[in-house]
Amino acid sequence: MKSFSTLLFMIFSLCVCKGQKEKDNYINFLDAKYQTNGFFIPDISNPYPTYTYSDKKIGVFSVDFIGKKYETQYFWSPNNSKGYFSKSTNPENEAQNSNAIKNLIKENDYYVVASYLPNKFITYTGGQDGEFEPKQNAKTTFYLYEDRKWKQIGEIETSKIPEDILAFETNLIKRLQTSKNK
């Protein structure tokens, strides 16, 4: 009976440790603690709200808010006469106005995509800004926030991520949706 109790205890311990390890590796990219650097609108041809986070223990990631409809996405364009920048006298400052940006995001209107580069693929080069370089053969993983969970939607060598990240992430989302509809 004692050996059965010992075996049961060992199995229980292994399950608890395995579950804890999985929990420790989980990152909720939407957690407010990762938004400390603030939301911003990048200076790219098809802008969207985003924020980034870097930590030597976990790595680097960005969270992008991609409008589900054209009108939602186009709202962030400097060319939109009725959009976010329409009343701005200083678009560069407005692009960094974290609170204004965050308050205008209605999560249901956006695909929320995180691109994550784990610390094992990073060489930190110093500096107060947490400057880093991806290691050779580094891989970035992409996640979509859906049904209150992060679902992996792709992985690519970091050096091969295309310039038009919006189109790339949109294609990953479409691929996921197509596979669900089969």
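Mind computing the radius of gyration and Dmax over the alpha-carbon atoms of region 64-124? Å is fine for both.
Radius of gyration, then largest Cα-Cα span, for region 64-124: 14.6, 44 Å.
List the residues of region 137-157 whose backbone N lies under 18 Å from a point placed 7 Å from the Cα of K120 along the Cα-to-Cβ direction.
Once the point is set 7 Å along Cα→Cβ of K120, 137-143, 152-157 turn out to lie under 18 Å by backbone N, inside region 137-157.
Taking the full set of protein chains and a 1.4 angstrom probe, give the accessible area of L30 in square angstrom, rounded to the nearest 10.
30 Å²
Compute the length gained on full extension between N108 and K135: take 0.36 nm times their separation in residues and subtract their Cα-Cα distance, giving the result in nm to one decimal.
Taking N108 through K135 to full extension adds about 6.2 nm, to one decimal.
For region 23-89, how big is Rg over Rh, using alpha carbon atoms and the Kirkwood form of Rh? List each step's numbers first, then the result.
Numbers: Rg = 14.6 Å, Rh = 13.6 Å.
Radius of gyration relative to Kirkwood radius: 1.07.
Expected output is a single nm value to one decimal: the length gained when fully extending between N37 and N99, i.e. 0.36 nm times separation in residues minus the C-alpha distance. What is it?
My answer for the length gained is 21.2 nm.
I need the Kirkwood Rh of region 112-182: take the reciprocal of the average 1/r across all distinct C-alpha pairs and report it in angstrom.
On the way: mean 1/r = 0.0741 Å⁻¹.
Every distinct Cα pair counted, the radius reaches 13.5 Å.
Considering only Cα-Cα distances, which of the following residue pairs are longer than 28 Å: K69/K151; K106/K160; K69/K102; K87/K160; K135/K180?
Result: K106/K160; K87/K160; K135/K180 exceed 28 Å.
Using a 1.4 Å probe over the heavy atoms of the protein chains, calculate the carbon and sulfur portion of the accessible area of region 38-182 as a whole percent.
Values: 4050 of 9090 Å².
That fraction is 44 percent.
Measuring with a 1.4 Å probe in the full set of protein chains, what accessible area per residue, in whole Å², belongs to region 48-170?
On a per-residue basis, 61 Å².
How large is log10 I(q)/I(0) at q = 0.21 Å⁻¹ when the Debye formula is applied to the Cα atoms of region 42-182, each weighted equally and without solvent?
Values, matching the q order: -1.35.
The values are calculated or read from the model by the stated rules, or taken from the named source; none is laboratory data. Remember, predicted model here, so these are calculated numbers, not experimental data. Don't worry about glycine lacking a Cβ; one is built from the backbone with ideal geometry, like all the others, and counts go over all protein chains shown. With ligands, DNA and RNA removed, areas are computed over all heavy atoms of the protein, side chains included. Shrake-Rupley method; radii C 1.70, N 1.55, O 1.52, S 1.80 Å.
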